Structures are given as structure tokens and as C-alpha cells.
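The values are calculated or read from the model by the stated rules, or taken from the named source; none is laboratory data. Computed from a predicted structure; not experimentally measured. Here the Cβ is made from the backbone with ideal geometry for all residues, glycine too, and neighbour counts use every protein chain on show.
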Amino acid sequence: MAVKNYILVCGGTACESAKGDDIYKALLKEAEAHGVADDVQIVKTGCFGFCEKGPIVKVLPEQAFYVEVVPEDAKEIISETIVKGRIVERIQYQPEKGAKGEAFDIENIEFYQKQYRIVLRNCGLINPENIDEYIARDGYSALEKCLFEMKPDDIIEELKKSGLRGRGGAGFPTWMKWNFTKQVDGGQKYVVCNADEGDPGAYMDRSTLEGDPHSVLEAMIIAGICVGADYGAIYIRAEYPLAIERLETAMKQAREYGLLGNDILGSGFNFDIELRLGAGAFVCGEETALLASIEGKRGMPIPKPPFPAVKGLFRKPTVINNVETFANIPIIITKGGDWFAQIGTEKSKGTKVFALTGKIKNSGLVEVPMGTTLREIVFDIGGGIRGGKKFKAVQTGGPSGGVITEEFLDTPIDFDNLVSIGSMMGSGGMIVMDEDDCIVDVTKFYLEFCVEESCGKCAPCRIGTKKLYEYLDRFTKGKGQIEDIQKMKDIGNAMKKASLCGLGQTAANPVLSTLRYFPEEYRQHIEDGKCIAGKCKDLVHYEIVTEKCIGCTVCARKCPVNCIEGERKKPHVIDQTKCIKCGACYEGCKFDAIIVS
Amino acid sequence: MAKMTLEELRKLRSSQKSEMERRDVDGKETHIIVGMGTCGIAAGAKMALDSFLDAIKANDLKDVVVKQTGCMGLCYSEPTVEVKVPGMPDVIYGNVDAAVAKEIVEKHIIHKKMVENHIQDKPAGDIIK
């Protein structure tokens, strides 16, 4: 019997942790109970990207798009949508704007409208644990082409035409990297996939691997054909168990089909891939440190040149690319470099996946053509700031990046523009801040991360990050001096010039960019001892205005340390010696009787 | 499954593709909408639906979407089915059993000829809107 309905359940980590698996099992059980198990195919797919509203369940061909689903909804989904073909309005996604009564279409969800999914083309559509579904979506046809129709030079040419630049952060042209390795004569060569992804707030590589593992495997085999390597390794952090599991399944299936291993598709070409689990050190995302870690050494960077393309893993020529870069390659081969080059800006082609998080309404994975403005991402796709607050800045590029302020919201985003405004693409984490965020506090967070993650091999990074952190820490305690600012700039610039690897060279970016765009906020912390956002606890002081307090007791009940006292219907008082400055009283007061100073 | 050759991979892809295409509704212009209200189900709409799916598969039709909907208001002629084919008027068929469903696919969808004795009047426009 033919299947008439498909239920796609999001199986990304975010939805999975929100009981995605229970929903999946409940749906199976209910389908059985209603006697429709044969009519419906229930598929667990990769991330839909719309994590804010997860877990998401999509029913086709009805185009039902259910959000924030709980396992208990399974019964209704089966009995209503599958058996009767009716949409369960209660959990159906409700567009915020848009005419009512308009035919509902998933394509009309604002979140998806400005997006263009190339890297995430299969995520949320196929079952990542079933190689047949990948093959059905033209999977492994690029491999076919590379094995039987194209020469290695043709592959390089196609990549060159596409203009693809490495998505790991720095944006080095991919074709050049491959070409360096290809040009080395004979001998053992390797292909390595960097799936370390250690940026705070970034998770697109994990989602790609979870939702579409075969696209990365296929690209790695193609890289092997192109440069003449027969062995590949995926370096992935052990903190990504679901991605690891899906990769293992994918590799097993590819081997069974003869798409991986010896004599691929009878062509005589051999290539196999191995997983290498990393322990989750930020520095291991840096390519030379990553290679050292694969070799079993401590993950520390070495000076470049020689570049890994010429002397990489075990001192052999190695192509090393990030997950997102690889995921672009099969489709470039299938559709051609010219097709890819139509998308994006002059110097940055294609799309970029961002992990949009922070004080944003629709957080999630967003894939947009290069050249989309930050305003479109934050306000059109992201739905703007949560709770009607005011936009303050976006932090991009993780600890290596910087902040982008309102005046740059209309800058088309690409590799070069971001650098020109003092930030960078990085891996693509995008953290939105509102007026409640203190810029000094956020910068301190990034530096704290860098202090902990610096491998310590070179002094500029080891000492520099620590010194910068100490200054910031003093500012948040109201103990800074205005001369410190210049010292921080000097340290930051020294780190940029003298650090051994890209991580040290960029670790001062958050400091330098916030000093540039928010000098006034730094000055307030240092000279006035004030934190306008109310985040730096040592500078904040909560007080109850006697005239305004009606004695409703809400603040006293909200206070976690019981430091507010007073009789009912009479003004209350905060015991400043016990106050931990959590702000719960301030948030809870409906009469504006509590002031922050 | 044993290791594949190029031909086997291509064969697998094309067979899997049609399976996937039925899942995808984008760009498909021919719609078969089956009334699956209680009345429709009781009158055998499920059998009709299955028959549509089988006929589409048997004829290897690519751009047809089969959807379910609630009662169209023509309970007296259940199972009712609305068929939309580009370039043809939207037609509502009544009393569609498995055999009629097969006929609709073969005549109406493939040969663009309506299946005469099952056409129903459309309910008044305002009811639909």
C-alpha cells in the first residue's frame, strides 16, 4: 500500500532534548492504535532551523506546521490530521503578521522567507539515518560525476568558478587550498573535516552533520579524488553525541553501498573516513592544533607556513575544511560553479548559515545569501528583539569577532564587510544584545572564555588575554582607571601582531571593537562607577522609593535571599548588606517603586 | 545490500526520487483533494484515497498532490473529491469509489477528459469562502 502522509519530526539536538524522541515514539504508537500505521511514514529529520518554536512536526502533503509540540499532542495529530485530514489549529504555527484567512503555506512563514537553503538543503527534509533519502535528493551524483566524468583539474576549475571561500572563519578560497595539496607530487595525502565548532553560541556545523551527514562524506570523497588522497578524518568534539552517531550510521551505510571504502562504484578509487573525537578544546578548532590532536599530540598550534595543504597531518599534504565548506561542495559540482557564483556578493559567493541567538524572538539556524543585511536577519527573519526592548548590538564571529552596532545594521554581510567594520564572519555565531546587556560584562565573558581556552603556548595570547580580562574585571567592579583603556588597546594590538595562531590574533577583537563603538559605556563604568544596563553587580544598587511603594509584598516574595522587609500596605525596605543584586525585585515590581542606580 | 555499481546507484536514485517527490508539494499543480469528514470516511473515502495513490504510482505521475480535507458539504454524494488540473476547470466528483478514483486518474488527469457521470455541482461560492 502506498503511503499517503508523511510526518517529519525534527530530530536536531535542540528538539531532541525537548522530547523530540518521545514525540516520535508517541506518533508511532498512536498511528498503530488508530490503525493508520501503514498509511503514514513518520520520519525523524535534521534540524528545521526554527529552534525557537521547537519541537517542530511537519505533516505532508497537508502542509501542517506544528510548533512547540509535546508528546501528548501525538494523539491529536494522528486522529485529526492523519485520519481526518484536519489541521490541529491549537499547535499550528501562527504567523504574527500577514492577512488572516490567507491560505497557510510554510513558505510564508517570515522566518523562512528571506532564507536560501543550500547548505541546509536536506535538513528537515530527509531522514539523516537513511542513505536512500539522501540519494533520492541527488545525493552522491556529484561523486559519480567526479569519478567518471571529471578530471581533478575540472573539479578545481568548478570550485574556482564558484568562488567558494572557507566557512570556518577566515574565508580562504577553497579551490586554492585544494590546488596546493593537489600540486604536491604523489605520496600519502589526507582530507580532514574540521567539525570542532567551539564558538559560544554557534551550532550550525553540528546541525548540518545531524541533518545531512552524507553531504559532508560525499564532499570529502570528492576532495580525495581531486587531490589524490585515500584517507580522510572527521575531527568532531565528543560533546556532539547525536552528530557522531548519525555520522557513524552514514559511514556504515555508505560503506555497505560501496560509496566509501575500496573500489568506489567500481572505479578503482579507494577512500575511507575515520572519526576522531576531540575533547572540546577551543584551540583544537585551529587547523594546525587540530592536526596535532589527531596525531595524538597535545592540541597546540604550530607556526604557518608550512601550511597544512603542503605539510599537514603526519607532515603529509592535507586538505582541511570546515563542515559548512564541505556541505557546499556536492551541490556546486552537481549544479556547476557558475550557478553558485550567482548567489551572494562580488567577493563572497553563496550563502552563510548563522546561529541566531540572544535576545531575539526567533532564535535558530538561518541560512541567507551573502550580502543580506544584518537588519534583515535580526528584524525580518529573527522577528526583532524579545519583549519590545531596544536593540543594542550583535556580536558576530564568537570570541574572535566583535560587535556590530545599529549604525551598521544595513551593511551587506560578507567576509570583507564584516572585517571592515571591526568584526568577522567567524564560524557564524550571531548573538543579539538588547539594552539590558552591559557591553563591558559581555566583553568580559568573551575574554574569560579566551583565558580558559588559550593553549598557553605563546606569550601574547596567554598573558594578553589574562591582562585584558583583569582590566575588564576591574571595570565591572568600579575600580578601573581611564588610562587602562589605552593600555588595553596596546595589548590588543600586540596580540594581533605577535600571536602564533589565528585564535590569539583575534582574541582581542571583542575588546577592540567594543572600545571603538561603546567608549561612553566604558567611561561610565570607570569614571562614574555606573552600569546603565544594571548588569555589573558591584555597581548596581537597588532601592525602594518610599512614596511609590504601596506595600504589595511582591518584591519581598520574589527576593531569593529574603532581604526585603516591611508590613503589608506599608513601604518596604531593602537590606543592602544582604542584597545579592539579582534584580528579581526590580523585575517583579508593578509600580516602578524600585530604582536601580 | 552489497556494493553497488554506477548503474545500480542510478537505478536506486531514480526509484527513491519518485518516492521523495510524492512527499514534496512545491511546484505541483495538479491537486486531488479528498473529503475526509466523518461522512466521507464512513462512505469509503479511505478506499478512494488509497486507490488514487495506487493509480498515481502505477502511472508514475510526478506532479500530483493528494490532499485530504474535511467535509465539503455534499454529504449526499460522499465520498467527494475535488480535482484541480491546470488548464481545466476545478471539478468536484461525487460517489467516488476505488474504481471511479482510478478512472479519474486515467481520464481526467492523464487524458484531460472529465469523468462525466460523477461530476457534482460546486456548492455556492460563499460556502467555500
**Study point:** the stretch A:409-428, subset closer than 22 Å to A:R206 by Cα and of a type in the set (G, A, S), residue surrounded by the fewest Cβ atoms within 10 Å (Cβ to Cβ)
**Key:** A:G426
Review point. Of all residues in the stretch A:113-141, which are within 12 Å of another protein chain (Cβ to nearest Cβ) and part of a helix (DSSP H, G or I)?
Key: A:I131, A:D132, A:E133, A:Y134, A:I135, A:A136, A:S141
Point to revise | Residue check for A:K457: touching a Leu at 6+ places or on another chain (Cβ under 9 Å), part of a loop (DSSP other than H, G, I, E, B) and farther than 25 Å from A:E324 by Cβ | key: yes
Practice item. Taking the residues in the stretch A:239-273 that are in a loop (DSSP other than H, G, I, E, B) and of a type in the set (G, A, S) as candidates, determine which candidate is farthest from the other protein chains (Cβ to nearest Cβ). Key: A:G268
Review point. Residues in the stretch A:69-94 that are of a type in the set (D, E, K, R) and either touching a residue at least 40 places away in the same chain (Cβ under 8 Å) or touching a Pro at 6+ places or on another chain (Cβ under 9 Å) (or both): how many?
Key: 3
Practice item. Please find, within the stretch B:44-62, the residue that is farthest from the other protein chains (Cβ to nearest Cβ) out of those that are in a loop (DSSP other than H, G, I, E, B) and either surrounded by 20 or more Cβ atoms within 10 Å (Cβ to Cβ) or modelled with pLDDT of 80 or more (or both). Key: B:G44
Exercise for review: Sort out for me the strands (runs of 3 or more DSSP E) sitting completely within the stretch A:379-441 that have 3 or more residues that are more than 19 Å from A:P369 (Cβ to Cβ) and of a type in the set (A, V, I, L, M).
Suggested key: A:429-434
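Where residues in the stretch A:576-594 are part of a loop (DSSP other than H, G, I, E, B) and of a type in the set (G, A, S), which of them is nearest to the chain's Cα centre (by Cα)? Can you show your working first?
The initial filter retains those residues of the stretch A:576-594 that are part of a loop (DSSP other than H, G, I, E, B), namely A:576-583, A:589-593.
Add one more test, that the residue is of a type in the set (G, A, S), and what stays is A:583, A:593.
Details: A:G583: 30, A:A593: 40 Å.
Top of the filtered list is A:G583.
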Exercise for review: Count, please, the residues in the stretch B:71-102 that happen to be within 14 Å of chain A (Cβ to nearest Cβ) and part of a strand (DSSP E or B).
Suggested key: 3
Exercise for review: Would you mind stating whether A:K316 is modelled with pLDDT of 95 or more and either surrounded by fewer than 24 Cβ atoms within 10 Å (Cβ to Cβ) or aromatic (F, W, Y) (or both)?
Suggested key: yes
Practice item. Please list, ordered by first then second residue, the pairs with beta carbon atoms under 9 Å, 6 or more apart or interchain, first in the stretch A:137-151 and under 13 Å from A:I332 (Cβ atoms), second basic (K, R). Key: A:D138/B:R13; A:D138/B:K17; A:S141/B:R10; A:S141/B:R13
Review point. Restricting attention to the stretch A:182-202, and to residues there that are within 20 Å of the chain's Cα centre (by Cα) and among the charged types (D, E, K, R), which single residue is modelled with the highest pLDDT?
Key: A:D196
Revision key, fill the gap. When B:Q68 is run through (1) at pLDDT 80 or above; (2) within 12 Å of chain A (Cβ to nearest Cβ); (3) in contact with a strand residue (DSSP E or B) (Cβ under 9 Å, 6 or more places away or on another chain), the failure sits at (1)
**Study point:** Verdict on A:I56 being modelled with pLDDT of 85 or more and either over 23 Å from A:T357 (Cβ atoms) or hydroxyl-bearing (S, T, Y) (or both)
**Key:** no
Exercise for review: Go through the stretch A:10-43 and count every residue that is within 14 Å of another protein chain (Cβ to nearest Cβ) and either of a type in the set (S, T, Y) or touching a strand residue (DSSP E or B) at 6+ places or on another chain (Cβ under 9 Å) (or both).
Suggested key: 6
Exercise for review: Take the stretch A:8-32 and flag every residue that is free of Cβ contacts under 8 Å to residues at least 12 places away in the same chain and either crowded, with 21+ Cβ neighbours inside 10 Å or of a type in the set (G, A, S) (or both).
Suggested key: A:S17
Review point. Which residue pairs have Cβ atoms closer than 9 Å, lie 6 or more positions apart in sequence or on different chains, and pair a first residue in the stretch A:290-314 that is at positive phi with a second residue that is surrounded by fewer than 16 Cβ atoms within 10 Å (Cβ to Cβ)?
Key: A:F314/A:Q188; A:F314/A:E295
Review point. Can you find a residue in the stretch A:203-211 that is more than 16 Å from A:T318 (Cα to Cα), assigned by the TED database to the domain that holds A:V323 and either at pLDDT 95 or above or in contact with a Lys or Arg (Cβ under 6 Å, 6 or more places away or on another chain) (or both)?
Key: yes
Check your understanding: Is it true that A:F104 is at pLDDT below 80, assigned to a loop (DSSP other than H, G, I, E, B), crowded, with 21+ Cβ neighbours inside 10 Å and not charged (D, E, K, R)?
Key -> no
**Study point:** Residue ID - nearest to A:A309 (Cα to Cα), chosen from residues in the stretch A:213-260 that are of a type in the set (D, E) and without any contact (Cβ under 8 Å) to a residue 12 or more places away in the chain
**Key:** A:E245
Practice item. Report yes if A:I234 is buried (at least 23 other Cβ atoms within 10 Å of the Cβ), among the β-branched types (V, I, T) and within 12 Å of chain B (Cβ to nearest Cβ), otherwise no. Key: no
